[in-house]
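S.K.: Attaching a single structure in structure tokens format; questions to follow.
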Amino acid sequence: MALFFSAQSTDDVPSDWEQVCARRKRVQLESIPPEWIIKPIPETQLNVMDVPRQCGLLSAAELEITETVDVQVILDKLRLGTWSSVQVTTATNCLTEIFVDRALERARFLDDHLARTGKVVGPLHGLPISLKGQISAENVSRVNILPDHRYIGYAKWIGRVAESDCVLVEILYECGAVPFVRTNVPQTLMWGETMNHVFGRTLNPYNLAFTPGGSSGGEGAANCHEREVPSVSLRIPSAFCGLYTLRPSYERLPYHGAVNALEGQESISSVLGPMSNSISGVKIFTKAILDAEPWLKDPLVLRKGWSESEYRLDRHGGGENLCFAIMWDNGVVKPHPPLRRAMEMTKKALEAAGHKVIDWEPHRHLEIYKNAETIFAADGGHDYRQQTQGVEPLIQTMSPSTTSHASALDGPLVKSLVGELYHREAYDLWQLHTEKRELRKSHLDHWQATVSRTGTGRPVDAIISPAVAYTAVPHGLNTDSFYTTLCNALDYSCSVFPVTFVDPDLDDPHPPHRFYNHEDEHIYNFYDSDLFPGCPVALQLIGGTQEEEAVIGMTEIVVAALEKLVQ
């Protein structure tokens, strides 16, 4: 359930864009059947996680469907005909931002096919899938009445229509899925929060005053409620909303046809990965896409199908006596107390399960951060300005107030590292790419050298760290990005998994430490254990490049160990 409120207008900008956005917002609201609109939620109610059960719109059978976390259970019930695709899609749409009649046409087709042939269309037969706003779909009208088939948070893009499905959508249809809705993204996509002038701000269902993250905040908010619906998203929203995800390496999963910001910047490639309420959902989605041989549709995809031996961890001792390294602190920003407790819990759980846990020693992190942020800022903001100039104001902050902390790209730490944004010459950019390759090699050597400390005869099998230095935070305060940027720059496959929830009795503020920089000090100062109670606390598991199957396998081991710890 993606929840929105209107963005603030800007008086010194012509009103045309505001009128266009308002019309587009009306289309969105009018697409929701009146009988599926819940009563207004009291302004004092910040946590809306129980709304689906309390709203009175869902039957007992629909609640059973929507509260089923394991995607494999749903697929089995669909395959056996215990649940119909129409049932699952109808129950799901009751909880979404937009209900689409034609999604049910797709569901009925799948049900009829199963009844007629006794066979499923594919491995995702009948499973509803939500799609991030940037996922292009020519035939989205079959499953969605949105007129914007190409959308990344720009008012200028309202009404743009894709000429074809992106490769991912093609494959989802072939696999038998039911794409049924697309979700909100921030203007430019390059934010760790989700707000734009068209649809407004997306809120976190655990606390409506907090952000669900970005750029896939709409997916994160939706998946909090739609328990059985996998989607296409990544780490920060998963961490803020208590979900599982996989960040694949460059070109492992198809991207062709999806729209993006900073297109042409290919040194740190954008990737798409699955988000789900269960690690089984992440595995099922990833395997289904890889089994469809996406390299036959996207020329950049690595010709590497799903490897069962890698999933079984054949190169990691078969999953026995693994050695994990905990990154307690990345040397750039120190994590808040709940993240520290989550890492301590994970270490205890893994050791109880017979695995070894050592400390990770950060290696050239500040250099990696500076290099990555400078690459992202190399065009001096030209791409963003080009897409908004003359149409709408470029959003400068995600804060609801005027006394906001600056965005990640304009924050004091990045400015001190990168300097003011400016347009770089091609040669300067090439030098950044050269430096990035050297940093990747240096970090790989550092990882390989851990063989002297693991006692397994192998280097560290995986690194466990925060995905963000804190849990979900009030709107405008998500400025830390390096725990995720590190993996983006080094192209490590990684997952996010929930561990616990903030507990004020256990997560008291730590004493002040020697701050690494102004950003570290700022993040330390806004922590208050009474501000975050009940927020999900998640970590990420970092594997090697192109190790998606192993990352999923090791995440399953960590999740099982944590479940046993709390029993």
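A short reminder: the numbers here are calculations on the coordinates, not readings from a lab. All values reported here derive from a predicted model rather than from experimental measurement. Here the Cβ is made from the backbone with ideal geometry for all residues, glycine too, and neighbour counts use every protein chain on show.
S.K.: Pulled fully out, how much extra length does the chain show between H363 and E521, if you take 0.36 nm times their separation in residues and subtract their Cα-Cα distance?
M.R.: 54.7 nm
S.K.: Starting from 0.36 nm per residue, how many nanometres of slack lie between N47 and R116 once their C-alpha separation is accounted for? All intermediate terms of the calculation are to be shown ahead of the outcome.
M.R.: Working: separation 69, 0.36 × 69 = 24.84 nm, distance 4.45 nm.
Taking 0.36 nm per residue and subtracting the Cα distance, the gain is 20.4 nm.
S.K.: OK, next. Ordered by residue, what ³J(HN,Hα) values in Hz, to whole numbers, does segment 297-311 give under the Karplus form 6.51 cos²θ - 1.76 cosθ + 1.60, where θ = phi - 60° and Gly and Pro are x?
M.R.: 10, 10, x, 8, 5, 4, 7, 8, x, 4, 10, 5, 5, 5, 5
S.K.: Karplus couplings for segment 236-253 from phi (6.51 cos²θ - 1.76 cosθ + 1.60, θ = phi - 60°), rounded to Hz, Gly and Pro as x?
M.R.: 4, x, 5, 5, 6, 10, x, 10, 9, 8, 10, 9, x, 5, 3, 6, 8, 10
S.K.: What is the distance in Å between the Cα centroid of segment 180-196 and that of segment 355-378?
M.R.: Taking the Cα centre of each part, segment 180-196 and segment 355-378 sit 26 Å apart.
S.K.: Highest first, please rank the peptides 313-321, 518-526 by the mean number of other Cβ atoms sitting within 10 Å of their residues. It would help to have the intermediate numbers written out before the result.
M.R.: Details: 313-321: 15.3, 518-526: 17.4.
Highest to lowest by the protection proxy: 518-526, 313-321.
S.K.: Let me ask something additional. Under the rule of at least 5 residues apart or a separate chain, name every residue whose amide H is placed under 5 Å from the amide H of V537.
M.R.: Amide H to amide H, under 5 Å and 5 or more residues apart or across chains, V537 pairs with V499, T500, F501, V502.
S.K.: Please report how far the C-alpha centroid of segment 288-323 lies from that of segment 329-345, rounded to the nearest whole angstrom.
M.R.: 30
S.K.: Here's a follow-up. List the residues whose amide H sits under 5 Å from the amide H of R182, counting only those 5 or more places along or on another chain, with H placed 1.01 Å from N in the peptide plane.
M.R.: Amide H neighbours of R182: L131.
S.K.: Restricting to DSSP loop positions (anything but H, G, I, E, B) with no more than 13 other Cβ atoms inside 10 Å of their own Cβ, which trypsin sites (Lys or Arg not before Pro) remain in segment 270-307?
M.R.: Values: sites: K283, K287, K297, R303, K304; in loops: K297, R303, K304.
Listed in order of number, the matching sites are R303.
S.K.: Let me ask something else. Could you check the simple spin-label distance between A449 and K156, using points 7 Å along Cα→Cβ, in nm with one decimal?
M.R.: Output for this residue pair reads 4.6 nm.
S.K.: Something else now. When the label point is put 7 Å from the Cα of R514 along its Cα-to-beta-carbon vector, which residues of segment 362-402 have a backbone N closer than 19 Å?
M.R.: Flagged as within label range: 362-367.
S.K.: Then there is this: Collect residues whose amide H, placed 1.01 Å from N in the peptide plane, falls under 5 Å from the amide H of I326; neighbours closer than 5 in sequence don't count.
M.R.: I358, D359, W360, I464
S.K.: Fewest Cβ neighbours within 10 Å first, please rank S215, S442, S309 accordingly.
M.R.: Values: S215 29, S442 15, S309 10.
By the 10 Å Cβ count, ascending: S309, S442, S215.
S.K.: Additional query: Per residue of segment 555-562, in order, report the coupling 6.51 cos²θ - 1.76 cosθ + 1.60 (Karplus, θ = phi - 60°) as ³J(HN,Hα) in whole Hz, putting x for Gly and Pro.
M.R.: Along segment 555-562, the couplings run 5, 4, 5, 5, 4, 5, 5, 5 Hz.
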